[in-house]
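Remarks on the structure that follows.
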Amino acid sequence: MREIVCEISSLETMRCSVLHSSAASRCCGSSYGRSGKKMRRSAFVRFHRQRVAASSFESSSSSSSSSSSSVDVDGAAQTTTTTTETIKEEESKGLTGETLQKLKQDLTEDLSHLFDDRGIDPKLYAENVVFTDPLSKYESFSGYNFNIQMLKNVFKPIYTMHSIEKTNDFEITTRWTMKMYLPSFPFLWNPELTFTGRSIMEMDQRFPHECVKHVDTWDSIENQTYLSPEAVQEVLKQVFNFAKTPENLKTPKYVTLRRYRDFEVREYEKFFVAETTVNSNTGSAKMEDSEAGQAFNRLAGYIFGKNEQNEKMEMTTPVFSNKNQKMQFVVEESSNSIKPVDGSVAVKDRERFLVAVASFSGIANKEITDETEKKLREAMKREESINDGVEFLPRRGDEFVELAQYNDPFTNPLQRRNEVLIALENIRDDFIALV
(Lines give C-alpha, C1' and ligand atoms only; values in the text may rest on other atoms or scores of the structure.)
Protein backbone atom coordinates (compact mmCIF):
# COMPACT_ATOMS: atom_id res chain seq x y z
CA MET A 1 0.00 0.00 0.00
CA ARG A 2 2.92 2.32 0.74
CA GLU A 3 4.09 1.87 -2.87
CA ILE A 4 0.63 2.81 -4.18
CA VAL A 5 0.53 5.98 -2.07
CA CYS A 6 4.04 6.95 -3.25
CA GLU A 7 3.09 6.38 -6.86
CA ILE A 8 -0.08 8.50 -6.56
CA SER A 9 1.91 11.23 -4.75
CA SER A 10 4.49 11.23 -7.54
CA LEU A 11 1.81 11.55 -10.21
CA GLU A 12 0.16 14.43 -8.33
CA THR A 13 3.53 16.22 -8.08
CA MET A 14 4.01 15.83 -11.84
CA ARG A 15 0.48 17.13 -12.46
CA CYS A 16 1.08 20.23 -10.32
CA SER A 17 4.36 20.86 -12.16
CA VAL A 18 2.59 20.71 -15.50
CA LEU A 19 -0.17 23.04 -14.36
CA HIS A 20 2.37 25.50 -12.92
CA SER A 21 4.46 25.61 -16.09
CA SER A 22 1.31 25.93 -18.19
CA ALA A 23 0.08 28.86 -16.10
CA ALA A 24 3.49 30.52 -16.37
CA SER A 25 3.55 30.16 -20.13
CA ARG A 26 0.12 31.75 -20.38
CA CYS A 27 1.24 34.62 -18.18
CA CYS A 28 4.50 35.28 -20.03
CA GLY A 29 3.27 34.58 -23.54
CA SER A 30 -0.33 35.71 -23.59
CA SER A 31 0.15 38.08 -26.53
CA TYR A 32 1.71 35.25 -28.52
CA GLY A 33 -1.26 33.01 -27.67
CA ARG A 34 -3.73 35.66 -28.84
CA SER A 35 -1.87 36.29 -32.07
CA GLY A 36 -1.68 32.54 -32.67
CA LYS A 37 -5.45 32.31 -32.28
CA LYS A 38 -5.95 35.18 -34.74
CA MET A 39 -3.61 33.58 -37.28
CA ARG A 40 -5.36 30.23 -36.99
CA ARG A 41 -8.80 31.82 -37.27
CA SER A 42 -7.68 33.80 -40.33
CA ALA A 43 -6.37 30.64 -41.93
CA PHE A 44 -9.69 28.89 -41.44
CA VAL A 45 -11.58 31.90 -42.81
CA ARG A 46 -9.36 31.90 -45.92
CA PHE A 47 -10.01 28.18 -46.34
CA HIS A 48 -13.76 28.77 -45.95
CA ARG A 49 -13.65 31.52 -48.59
CA GLN A 50 -11.75 29.30 -50.98
CA ARG A 51 -14.28 26.52 -50.52
CA VAL A 52 -17.20 28.87 -51.20
CA ALA A 53 -15.40 30.37 -54.19
CA ALA A 54 -14.73 26.92 -55.61
CA SER A 55 -18.35 25.94 -55.14
CA SER A 56 -19.46 29.15 -56.83
CA PHE A 57 -17.13 28.49 -59.77
CA GLU A 58 -18.42 24.92 -60.24
CA SER A 59 -22.04 26.05 -60.23
CA SER A 60 -21.34 28.68 -62.86
CA SER A 61 -19.21 26.46 -65.16
CA SER A 62 -22.29 25.44 -67.18
CA SER A 63 -22.98 29.10 -68.08
CA SER A 64 -21.66 30.88 -71.17
CA SER A 65 -17.94 31.54 -71.49
CA SER A 66 -18.53 35.26 -71.34
CA SER A 67 -20.31 34.87 -68.02
CA SER A 68 -17.60 32.53 -66.75
CA SER A 69 -14.89 34.99 -67.62
CA SER A 70 -16.58 37.91 -65.90
CA VAL A 71 -15.08 37.18 -62.46
CA ASP A 72 -13.85 40.59 -61.36
CA VAL A 73 -13.13 42.57 -58.23
CA ASP A 74 -16.83 43.04 -57.54
CA GLY A 75 -17.34 39.24 -57.81
CA ALA A 76 -14.51 38.56 -55.40
CA ALA A 77 -15.92 41.10 -52.96
CA GLN A 78 -19.33 39.45 -53.25
CA THR A 79 -17.78 36.03 -52.47
CA THR A 80 -16.03 37.50 -49.43
CA THR A 81 -19.31 39.00 -48.25
CA THR A 82 -21.08 35.67 -48.74
CA THR A 83 -18.40 33.84 -46.75
CA THR A 84 -18.55 36.36 -43.92
CA GLU A 85 -22.33 36.10 -43.83
CA THR A 86 -22.11 32.29 -43.76
CA ILE A 87 -19.73 32.35 -40.79
CA LYS A 88 -21.90 34.93 -38.99
CA GLU A 89 -24.97 32.78 -39.63
CA GLU A 90 -23.19 29.70 -38.22
CA GLU A 91 -22.09 31.65 -35.16
CA SER A 92 -25.59 33.04 -34.54
CA LYS A 93 -27.54 29.78 -35.05
CA GLY A 94 -25.02 27.41 -33.48
CA LEU A 95 -23.30 24.49 -35.14
CA THR A 96 -25.22 23.44 -38.25
CA GLY A 97 -24.88 21.88 -41.67
CA GLU A 98 -21.53 21.01 -43.15
CA THR A 99 -19.64 22.70 -40.32
CA LEU A 100 -21.34 20.46 -37.74
CA GLN A 101 -20.79 17.29 -39.77
CA LYS A 102 -17.14 18.11 -40.38
CA LEU A 103 -16.58 18.84 -36.70
CA LYS A 104 -18.22 15.57 -35.65
CA GLN A 105 -16.08 13.67 -38.15
CA ASP A 106 -12.92 15.38 -36.93
CA LEU A 107 -13.70 14.68 -33.26
CA THR A 108 -14.63 11.05 -33.98
CA GLU A 109 -11.34 10.52 -35.79
CA ASP A 110 -9.40 12.41 -33.14
CA LEU A 111 -10.85 10.48 -30.18
CA SER A 112 -10.07 7.17 -31.88
CA HIS A 113 -6.41 8.08 -31.29
CA LEU A 114 -6.92 9.11 -27.68
CA PHE A 115 -4.51 6.54 -26.27
CA ASP A 116 -2.36 5.51 -29.22
CA ASP A 117 1.00 6.87 -30.37
CA ARG A 118 -0.60 9.50 -32.60
CA GLY A 119 -2.59 11.11 -29.82
CA ILE A 120 -5.16 13.89 -30.05
CA ASP A 121 -4.87 16.88 -32.40
CA PRO A 122 -4.12 20.13 -30.52
CA LYS A 123 -5.71 22.18 -33.33
CA LEU A 124 -9.15 20.98 -32.19
CA TYR A 125 -8.70 22.33 -28.66
CA ALA A 126 -8.22 25.79 -27.20
CA GLU A 127 -4.93 26.38 -25.43
CA ASN A 128 -6.83 27.12 -22.21
CA VAL A 129 -9.35 24.26 -22.59
CA VAL A 130 -10.88 23.27 -19.25
CA PHE A 131 -11.04 19.53 -18.62
CA THR A 132 -12.79 17.91 -15.66
CA ASP A 133 -13.88 14.42 -14.69
CA PRO A 134 -14.65 12.95 -11.26
CA LEU A 135 -10.93 12.42 -10.56
CA SER A 136 -9.12 15.05 -12.68
CA LYS A 137 -9.16 18.79 -13.29
CA TYR A 138 -6.99 20.80 -15.70
CA GLU A 139 -7.21 24.29 -17.22
CA SER A 140 -4.90 24.01 -20.21
CA PHE A 141 -4.35 21.76 -23.19
CA SER A 142 -0.94 20.76 -21.82
CA GLY A 143 -2.55 19.60 -18.56
CA TYR A 144 -5.31 17.78 -20.43
CA ASN A 145 -2.76 16.03 -22.64
CA PHE A 146 -0.62 15.17 -19.60
CA ASN A 147 -3.60 13.36 -18.09
CA ILE A 148 -4.09 11.38 -21.29
CA GLN A 149 -0.41 10.38 -21.42
CA MET A 150 -0.46 9.37 -17.75
CA LEU A 151 -3.48 7.12 -18.28
CA LYS A 152 -1.91 5.66 -21.41
CA ASN A 153 1.38 4.78 -19.72
CA VAL A 154 0.03 3.54 -16.39
CA PHE A 155 -3.35 1.95 -17.12
CA LYS A 156 -3.17 0.83 -20.79
CA PRO A 157 -6.75 1.98 -21.46
CA ILE A 158 -9.01 0.87 -24.30
CA TYR A 159 -11.48 3.58 -25.37
CA THR A 160 -14.61 2.86 -27.42
CA MET A 161 -16.91 5.67 -28.58
CA HIS A 162 -20.51 4.60 -29.20
CA SER A 163 -22.18 7.81 -30.37
CA ILE A 164 -21.62 11.53 -30.98
CA GLU A 165 -24.29 14.20 -31.38
CA LYS A 166 -24.93 17.91 -31.06
CA THR A 167 -26.73 18.48 -27.74
CA ASN A 168 -26.83 22.29 -27.61
CA ASP A 169 -26.07 25.24 -29.89
CA PHE A 170 -22.32 24.93 -29.39
CA GLU A 171 -22.14 21.64 -27.53
CA ILE A 172 -21.24 18.17 -28.75
CA THR A 173 -21.65 15.09 -26.55
CA THR A 174 -20.22 11.60 -26.92
CA ARG A 175 -21.02 8.32 -25.17
CA TRP A 176 -18.18 5.90 -24.52
CA THR A 177 -16.80 2.89 -22.69
CA MET A 178 -13.27 2.76 -21.28
CA LYS A 179 -11.48 -0.29 -19.88
CA MET A 180 -8.25 0.08 -17.90
CA TYR A 181 -5.73 -2.51 -16.80
CA LEU A 182 -3.58 -1.91 -13.74
CA PRO A 183 0.06 -3.04 -13.73
CA SER A 184 0.78 -6.46 -12.20
CA PHE A 185 3.03 -4.79 -9.62
CA PRO A 186 1.92 -3.93 -7.03
CA PHE A 187 -1.52 -5.14 -8.18
CA LEU A 188 -0.75 -8.86 -8.26
CA TRP A 189 -4.41 -9.80 -8.81
CA ASN A 190 -4.45 -7.85 -12.12
CA PRO A 191 -7.66 -5.83 -11.62
CA GLU A 192 -9.58 -4.47 -14.59
CA LEU A 193 -11.50 -1.19 -14.35
CA THR A 194 -14.49 -0.36 -16.53
CA PHE A 195 -16.14 3.04 -16.84
CA THR A 196 -18.95 4.19 -19.11
CA GLY A 197 -20.22 7.73 -19.46
CA ARG A 198 -20.46 10.89 -21.51
CA SER A 199 -18.08 13.59 -22.65
CA ILE A 200 -19.76 16.99 -22.92
CA MET A 201 -17.66 19.27 -25.12
CA GLU A 202 -18.39 22.98 -25.27
CA MET A 203 -17.17 24.49 -28.53
CA ASP A 204 -16.02 28.06 -29.14
CA GLN A 205 -18.81 30.05 -30.79
CA ARG A 206 -16.30 31.58 -33.19
CA PHE A 207 -15.12 29.76 -36.26
CA PRO A 208 -13.28 27.27 -36.34
CA HIS A 209 -15.09 26.19 -33.12
CA GLU A 210 -12.32 24.78 -30.94
CA CYS A 211 -13.21 22.81 -27.82
CA VAL A 212 -13.02 25.19 -24.84
CA LYS A 213 -14.47 22.90 -22.15
CA HIS A 214 -14.53 19.12 -21.82
CA VAL A 215 -16.52 17.50 -18.98
CA ASP A 216 -16.59 13.73 -18.46
CA THR A 217 -19.33 12.09 -16.38
CA TRP A 218 -19.59 8.47 -15.19
CA ASP A 219 -22.77 6.39 -15.24
CA SER A 220 -21.75 4.64 -12.00
CA ILE A 221 -21.97 7.69 -9.71
CA GLU A 222 -24.41 10.52 -9.01
CA ASN A 223 -22.01 13.09 -7.54
CA GLN A 224 -19.83 14.10 -10.51
CA THR A 225 -17.87 16.82 -8.68
CA TYR A 226 -14.08 16.66 -8.62
CA LEU A 227 -12.76 14.07 -6.15
CA SER A 228 -16.20 13.30 -4.77
CA PRO A 229 -16.19 10.48 -2.16
CA GLU A 230 -18.52 8.52 -4.43
CA ALA A 231 -16.01 8.65 -7.31
CA VAL A 232 -13.11 7.57 -5.08
CA GLN A 233 -15.20 4.72 -3.67
CA GLU A 234 -16.10 3.54 -7.18
CA VAL A 235 -12.44 3.35 -8.19
CA LEU A 236 -11.39 1.56 -5.00
CA LYS A 237 -14.24 -0.92 -5.36
CA GLN A 238 -12.98 -1.94 -8.78
CA VAL A 239 -9.28 -1.88 -7.86
CA PHE A 240 -9.83 -4.22 -4.92
CA ASN A 241 -12.13 -6.64 -6.72
CA PHE A 242 -10.12 -9.87 -6.43
CA ALA A 243 -12.33 -11.98 -8.73
CA LYS A 244 -10.37 -13.41 -11.63
CA THR A 245 -11.21 -14.77 -15.05
CA PRO A 246 -9.11 -17.89 -15.73
CA GLU A 247 -6.18 -17.11 -17.98
CA ASN A 248 -5.77 -18.76 -21.38
CA LEU A 249 -9.44 -19.79 -21.55
CA LYS A 250 -11.58 -18.26 -24.27
CA THR A 251 -14.79 -16.53 -23.28
CA PRO A 252 -17.64 -14.97 -25.27
CA LYS A 253 -16.95 -11.45 -26.51
CA TYR A 254 -19.05 -8.57 -25.24
CA VAL A 255 -18.97 -4.82 -24.81
CA THR A 256 -20.15 -3.01 -21.69
CA LEU A 257 -22.59 -0.34 -22.85
CA ARG A 258 -23.44 1.00 -19.39
CA ARG A 259 -21.78 0.42 -16.02
CA TYR A 260 -23.96 1.54 -13.16
CA ARG A 261 -23.24 1.46 -9.42
CA ASP A 262 -24.48 -2.10 -8.84
CA PHE A 263 -24.64 -3.71 -12.29
CA GLU A 264 -23.78 -3.27 -15.94
CA VAL A 265 -25.48 -3.66 -19.31
CA ARG A 266 -23.62 -5.80 -21.85
CA GLU A 267 -24.05 -6.60 -25.50
CA TYR A 268 -22.79 -10.10 -26.31
CA GLU A 269 -21.65 -11.06 -29.77
CA LYS A 270 -22.94 -14.30 -31.30
CA PHE A 271 -21.36 -17.45 -29.86
CA PHE A 272 -21.99 -21.21 -29.77
CA VAL A 273 -22.81 -23.51 -26.86
CA ALA A 274 -23.25 -27.19 -26.09
CA GLU A 275 -26.43 -27.58 -24.01
CA THR A 276 -28.06 -30.22 -21.85
CA THR A 277 -31.12 -30.30 -19.55
CA VAL A 278 -31.66 -31.66 -16.04
CA ASN A 279 -34.90 -33.10 -14.70
CA SER A 280 -35.31 -31.31 -11.36
CA ASN A 281 -36.56 -27.75 -10.98
CA THR A 282 -35.09 -25.65 -8.17
CA GLY A 283 -36.73 -22.40 -9.29
CA SER A 284 -33.25 -20.90 -9.39
CA ALA A 285 -30.50 -20.39 -11.93
CA LYS A 286 -28.38 -22.47 -9.54
CA MET A 287 -28.99 -26.20 -10.07
CA GLU A 288 -28.92 -28.85 -7.36
CA ASP A 289 -25.38 -30.11 -6.92
CA SER A 290 -26.14 -33.71 -7.96
CA GLU A 291 -28.06 -32.66 -11.08
CA ALA A 292 -25.45 -30.02 -11.93
CA GLY A 293 -22.70 -32.65 -11.63
CA GLN A 294 -24.45 -34.98 -14.08
CA ALA A 295 -25.08 -32.19 -16.56
CA PHE A 296 -21.48 -31.01 -16.28
CA ASN A 297 -20.14 -34.52 -16.96
CA ARG A 298 -22.30 -34.91 -20.08
CA LEU A 299 -21.04 -31.62 -21.52
CA ALA A 300 -17.45 -32.32 -20.50
CA GLY A 301 -17.68 -35.70 -22.21
CA TYR A 302 -18.73 -33.99 -25.43
CA ILE A 303 -15.81 -31.53 -25.55
CA PHE A 304 -13.27 -34.16 -24.44
CA GLY A 305 -14.00 -36.46 -27.37
CA LYS A 306 -17.43 -38.02 -26.91
CA ASN A 307 -18.53 -36.81 -30.33
CA GLU A 308 -18.78 -38.15 -33.87
CA GLN A 309 -15.23 -36.99 -34.74
CA ASN A 310 -13.73 -38.25 -31.46
CA GLU A 311 -12.16 -34.78 -31.28
CA LYS A 312 -11.01 -33.04 -28.13
CA MET A 313 -11.89 -29.37 -27.96
CA GLU A 314 -10.42 -26.45 -26.03
CA MET A 315 -11.79 -25.65 -22.58
CA THR A 316 -13.72 -22.38 -22.37
CA THR A 317 -15.42 -20.28 -19.70
CA PRO A 318 -17.96 -19.57 -18.23
CA VAL A 319 -20.41 -22.40 -17.56
CA PHE A 320 -23.99 -21.09 -17.95
CA SER A 321 -27.05 -22.47 -16.16
CA ASN A 322 -30.54 -20.97 -16.20
CA LYS A 323 -33.80 -21.16 -14.26
CA ASN A 324 -35.17 -23.40 -17.01
CA GLN A 325 -32.66 -26.01 -15.76
CA LYS A 326 -30.38 -25.98 -18.78
CA MET A 327 -26.59 -25.96 -18.59
CA GLN A 328 -24.33 -24.69 -21.36
CA PHE A 329 -20.63 -24.89 -22.20
CA VAL A 330 -19.24 -22.31 -24.61
CA VAL A 331 -17.97 -23.95 -27.83
CA GLU A 332 -15.48 -22.35 -30.19
CA GLU A 333 -16.91 -21.43 -33.60
CA SER A 334 -14.48 -23.78 -35.35
CA SER A 335 -15.98 -26.72 -33.42
CA ASN A 336 -19.70 -25.93 -33.62
CA SER A 337 -20.29 -28.39 -36.48
CA ILE A 338 -19.03 -31.37 -34.43
CA LYS A 339 -22.07 -33.46 -33.44
CA PRO A 340 -22.36 -35.10 -30.01
CA VAL A 341 -23.06 -38.83 -29.71
CA ASP A 342 -25.01 -38.31 -26.48
CA GLY A 343 -28.60 -37.53 -27.45
CA SER A 344 -29.07 -35.37 -24.36
CA VAL A 345 -26.44 -32.88 -25.61
CA ALA A 346 -27.18 -30.39 -28.40
CA VAL A 347 -25.06 -27.70 -30.06
CA LYS A 348 -26.76 -24.38 -30.73
CA ASP A 349 -25.90 -20.78 -31.42
CA ARG A 350 -26.75 -17.81 -29.26
CA GLU A 351 -27.38 -14.74 -31.36
CA ARG A 352 -26.27 -11.26 -30.32
CA PHE A 353 -28.17 -10.23 -27.18
CA LEU A 354 -28.33 -7.67 -24.34
CA VAL A 355 -28.23 -8.51 -20.64
CA ALA A 356 -28.14 -6.79 -17.28
CA VAL A 357 -25.36 -8.35 -15.19
CA ALA A 358 -24.61 -8.35 -11.46
CA SER A 359 -21.33 -9.89 -10.27
CA PHE A 360 -20.41 -11.55 -6.98
CA SER A 361 -17.56 -13.60 -5.59
CA GLY A 362 -17.56 -16.56 -3.23
CA ILE A 363 -19.48 -19.83 -3.58
CA ALA A 364 -22.48 -19.57 -5.88
CA ASN A 365 -25.10 -21.41 -3.88
CA LYS A 366 -28.86 -21.13 -4.42
CA GLU A 367 -29.45 -18.53 -1.68
CA ILE A 368 -26.75 -16.14 -2.87
CA THR A 369 -27.73 -16.59 -6.55
CA ASP A 370 -31.41 -15.85 -5.84
CA GLU A 371 -30.52 -12.86 -3.65
CA THR A 372 -28.26 -11.46 -6.39
CA GLU A 373 -31.10 -11.77 -8.92
CA LYS A 374 -33.44 -9.92 -6.55
CA LYS A 375 -30.92 -7.12 -5.97
CA LEU A 376 -30.27 -6.83 -9.71
CA ARG A 377 -33.97 -6.27 -10.42
CA GLU A 378 -34.13 -3.68 -7.63
CA ALA A 379 -31.01 -1.93 -8.98
CA MET A 380 -32.58 -1.62 -12.44
CA LYS A 381 -35.66 0.03 -10.90
CA ARG A 382 -33.42 2.37 -8.91
CA GLU A 383 -31.56 3.52 -12.03
CA GLU A 384 -34.86 4.11 -13.81
CA SER A 385 -36.00 6.34 -10.94
CA ILE A 386 -32.91 8.59 -10.98
CA ASN A 387 -32.12 8.67 -14.73
CA ASP A 388 -34.61 10.25 -17.11
CA GLY A 389 -34.99 8.35 -20.36
CA VAL A 390 -33.59 5.06 -19.00
CA GLU A 391 -35.95 2.08 -19.06
CA PHE A 392 -35.02 -1.57 -18.62
CA LEU A 393 -37.15 -4.25 -20.26
CA PRO A 394 -36.35 -7.65 -18.70
CA ARG A 395 -37.44 -10.62 -20.76
CA ARG A 396 -40.01 -12.87 -19.14
CA GLY A 397 -39.33 -16.57 -18.77
CA ASP A 398 -37.04 -18.81 -16.73
CA GLU A 399 -34.66 -19.28 -19.66
CA PHE A 400 -33.78 -15.57 -19.52
CA VAL A 401 -32.29 -15.67 -16.01
CA GLU A 402 -28.82 -17.23 -15.94
CA LEU A 403 -25.92 -17.93 -13.64
CA ALA A 404 -22.40 -17.72 -15.15
CA GLN A 405 -19.55 -19.42 -13.24
CA TYR A 406 -16.03 -18.79 -14.48
CA ASN A 407 -13.77 -20.77 -12.13
CA ASP A 408 -13.10 -24.37 -11.14
CA PRO A 409 -14.03 -25.63 -7.63
CA PHE A 410 -10.41 -25.38 -6.49
CA THR A 411 -10.24 -21.59 -6.92
CA ASN A 412 -10.15 -19.51 -3.73
CA PRO A 413 -13.76 -18.34 -3.14
CA LEU A 414 -12.53 -14.72 -2.84
CA GLN A 415 -11.19 -14.95 -6.40
CA ARG A 416 -14.20 -16.61 -7.99
CA ARG A 417 -16.06 -14.70 -10.64
CA ASN A 418 -19.81 -15.39 -10.61
CA GLU A 419 -22.52 -13.43 -12.43
CA VAL A 420 -26.31 -13.34 -12.65
CA LEU A 421 -27.57 -12.30 -16.09
CA ILE A 422 -31.09 -11.15 -16.97
CA ALA A 423 -31.83 -10.88 -20.69
CA LEU A 424 -33.30 -7.57 -21.90
CA GLU A 425 -35.74 -6.79 -24.68
CA ASN A 426 -34.03 -3.44 -25.15
CA ILE A 427 -32.06 -2.63 -28.28
CA ARG A 428 -28.51 -1.34 -28.40
CA ASP A 429 -29.62 2.22 -29.19
CA ASP A 430 -31.41 2.43 -25.85
CA PHE A 431 -28.06 2.45 -24.08
CA ILE A 432 -25.89 4.48 -26.44
CA ALA A 433 -28.38 7.34 -26.52
CA LEU A 434 -27.03 10.56 -25.00
CA VAL A 435 -29.21 10.59 -21.88
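Could you give me the residue pairs with C-beta distances under 9 Å whose first residue belongs to segment 94-121 and is touching a residue at least 40 places away in the same chain (Cβ under 8 Å) and within 17 Å of Asn145 (Cβ to Cβ), whose second residue is surrounded by 13 or more Cβ atoms within 10 Å (Cβ to Cβ) and among the hydroxyl-bearing types (Ser, Thr, Tyr) wherever it lies, and which are 6+ apart or on separate chains? Within 9 Å, the pairs are Leu107/Thr174; Leu111/Tyr159; Leu111/Thr174; Leu111/Ser199; Ser112/Tyr159; Leu114/Tyr159; Phe115/Tyr159.
Kindly check whether there is at least one residue in segment 89-108 that is under 30 Å from Leu236 (Cα atoms), at pLDDT 95 or above and out of contact with any helix residue (DSSP H, G or I) (no Cβ under 7 Å at 6 or more places or on another chain). Within segment 89-108 (the criterion being under 30 Å from Leu236 (Cα atoms), at pLDDT 95 or above and out of contact with any helix residue (DSSP H, G or I) (no Cβ under 7 Å at 6 or more places or on another chain)), the answer is no, since none of the residues qualifies. Just one residue in the set Ser321, Ser344 is more than 36 Å from the chain's Cα centre (by Cα) and either hydroxyl-bearing (Ser, Thr, Tyr) or surrounded by fewer than 21 Cβ atoms within 10 Å (Cβ to Cβ) (or both); that residue is Ser344. Considering every residue within segment 392-401, establish whether at least one is in the same structural domain as Phe272 (by TED's automatic domain parsing), assigned to a loop (DSSP other than H, G, I, E, B), in contact with a helix residue (DSSP H, G or I) (Cβ under 6 Å, 6 or more places away or on another chain) and among the aromatic types (Phe, Trp, Tyr). Yes, segment 392-401 has at least one match. So in segment 220-230, with the set limited to residues that are in contact with a Ser or Thr (Cβ under 8 Å, 6 or more places away or on another chain) and of a type outside the set (Phe, Trp, Tyr), which one is surrounded by the fewest Cβ atoms within 10 Å (Cβ to Cβ)? Only one residue fits best here, namely Gln224.
Could you list, in sequence order, all residues of segment 372-407 that are hydroxyl-bearing (Ser, Thr, Tyr) and touching a residue at least 12 places away in the same chain (Cβ under 8 Å)? Selection gives Thr372, Tyr406.
Of the candidates Thr194, Thr177, Thr160, Thr217, the single residue that is hydroxyl-bearing (Ser, Thr, Tyr), surrounded by 19 or more Cβ atoms within 10 Å (Cβ to Cβ), assigned by TED's automatic domain parsing to the domain that holds Leu114 and within 20 Å of the chain's Cα centre (by Cα) is Thr177.
Quick grid of which residues meet (1) crowded, with 19+ Cβ neighbours inside 10 Å; (2) more than 30 Å from Leu434 (Cβ to Cβ); (3) acidic (Asp, Glu); (4) assigned by TED's automatic domain parsing to the domain that holds Lys375:
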site	(1), (2), (3), (4)
Phe271	yes, no, no, yes
Ala274	yes, yes, no, yes
Val278	yes, yes, no, yes
Thr282	no, yes, no, yes
Ser290	no, yes, no, yes
Asn297	no, yes, no, yes
Ile303	yes, yes, no, yes
Glu314	no, yes, yes, yes
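For segment 146-164, name all the residues that are of a type in the set (S, T, N, Q) and in contact with a helix residue (DSSP H, G or I) (Cβ under 9 Å, 6 or more places away or on another chain). Asn147, Ser163 - these are the residues of segment 146-164 that are of a type in the set (S, T, N, Q) and in contact with a helix residue (DSSP H, G or I) (Cβ under 9 Å, 6 or more places away or on another chain). Evaluating Lys244 against the criteria (1) under 30 Å from Glu222 (Cα atoms); (2) at pLDDT 95 or above leaves one unmet condition, (2). Among the residues of segment 315-334, those that are among the polar types (S, T, N, Q) and under 16 Å from Thr245 (Cα atoms) comprise Thr316, Thr317.
Val355 satisfies every condition listed in (1) free of Cβ contacts under 8 Å to residues at least 24 places away in the same chain; (2) surrounded by 17 or more Cβ atoms within 10 Å (Cβ to Cβ) except (1).
Looking at this structure, is Gln149 out of contact with any Cys (no Cβ under 9 Å at 6 or more places or on another chain) and assigned to a helix (DSSP H, G or I)? In short, yes. Tell me, please, whether a residue that is over 26 Å from Ile422 (Cβ atoms) and either among the aromatic types (Phe, Trp, Tyr) or modelled with pLDDT of 95 or more (or both) can be found in segment 287-297. Yes, that holds for at least one residue.
The values are calculated or read from the model by the stated rules, or taken from the named source; none is laboratory data. The shown structure was predicted, so the numbers you read here are calculated from the model rather than taken from an experiment. Please note: Cβ atoms are built from the backbone with ideal geometry, for glycine as well, and neighbour counts cover all protein chains shown.
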